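What follows is a set of notes on a single structure, which appears directly below.
The values are calculated or read from the model by the stated rules, or taken from the named source; none is laboratory data. Quantities reported herein were computed from a predicted structural model and do not represent experimental measurements. Methodologically, a virtual Cβ is constructed for each residue, glycine included, from the backbone with ideal geometry; neighbour enumeration extends over all protein chains shown. The area values use the complete protein model at the heavy-atom level, side chains included, leaving out ligands, DNA and RNA. Shrake-Rupley method; radii C 1.70, N 1.55, O 1.52, S 1.80 Å.
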Amino acid sequence: MKIILVIYICSVVGSSCANPIQIEPPYKDSFDCHVDGYKKSVDLLEEMGRDEVNKYEIYTKFTCEKLLET
């Protein structure tokens, strides 16, 4: 089974989320996907910077979705 990480960047101030970001390549299992989801969320917040995150009250959320294999 392959699993894809999908990260959402959202703003409390804007009451919305940007288009989801799919992270490639797929993961081999749910554990690896979830651990990397937290790591990549931190990376994204740090990349945006303290001022942007605080100004727009930005947060991330993510899902690990099973890919249907044919």
Mind checking the per residue accessible area of the chain for me, 1.4 Å probe, whole number of Å²? 73
By how many degrees, between 0 and 90 and to the nearest 10, does the Cα long axis of helix 30-48 differ from the longest principal axis of the chain? 30
Across the chain, how many lysine pairs separated by 8 or more positions, or lying on different chains, have Cα atoms within less than 21 Å? 14
In nm, what is the difference between 0.36 nm times the number of residues separating L45 and V6 and their Cα-Cα distance? 12.5 nm
Which value at 222 nm does the chain reach when only helices count, each DSSP H run of 4 or more adding -39,500 (n - 2.57), with the total divided by all residues and rounded to the nearest 500 deg cm²/dmol? -12000 deg cm²/dmol
Which of the trypsin sites (Lys or Arg not before Pro) across segment 8-70 are loop residues per DSSP, with 11 or fewer other Cβ within 10 Å? K28
Taking all protein chains as present, what is the carbon and sulfur share of the accessible area of the chain, in % to the nearest whole number, probe 1.4 Å? 53
Please report, in debye to the nearest 20, how large the charge dipole of the chain is about its Cα centre when each Lys and Arg carries +1 at its beta carbon and each Asp and Glu carries -1 there. 140
Quick one: Karplus J couplings for segment 8-15, per residue in order, coefficients 6.51, -1.76, 1.60, θ = phi - 60°, nearest Hz, x for Gly and Pro? 10, 10, 10, 10, 5, 4, x, 6
Ignoring ligands, DNA and RNA, how do M48, M1 rank by accessible area with a 1.4 Å probe, largest first? M1, M48
Normalised contact order of the chain, rounded percent, pairs of Cα under 8 Å and 6 or more residues apart: 49
Whole Å is fine, so just give me how far the alpha carbon centre of segment 48-70 lies from that of segment 1-21. 4
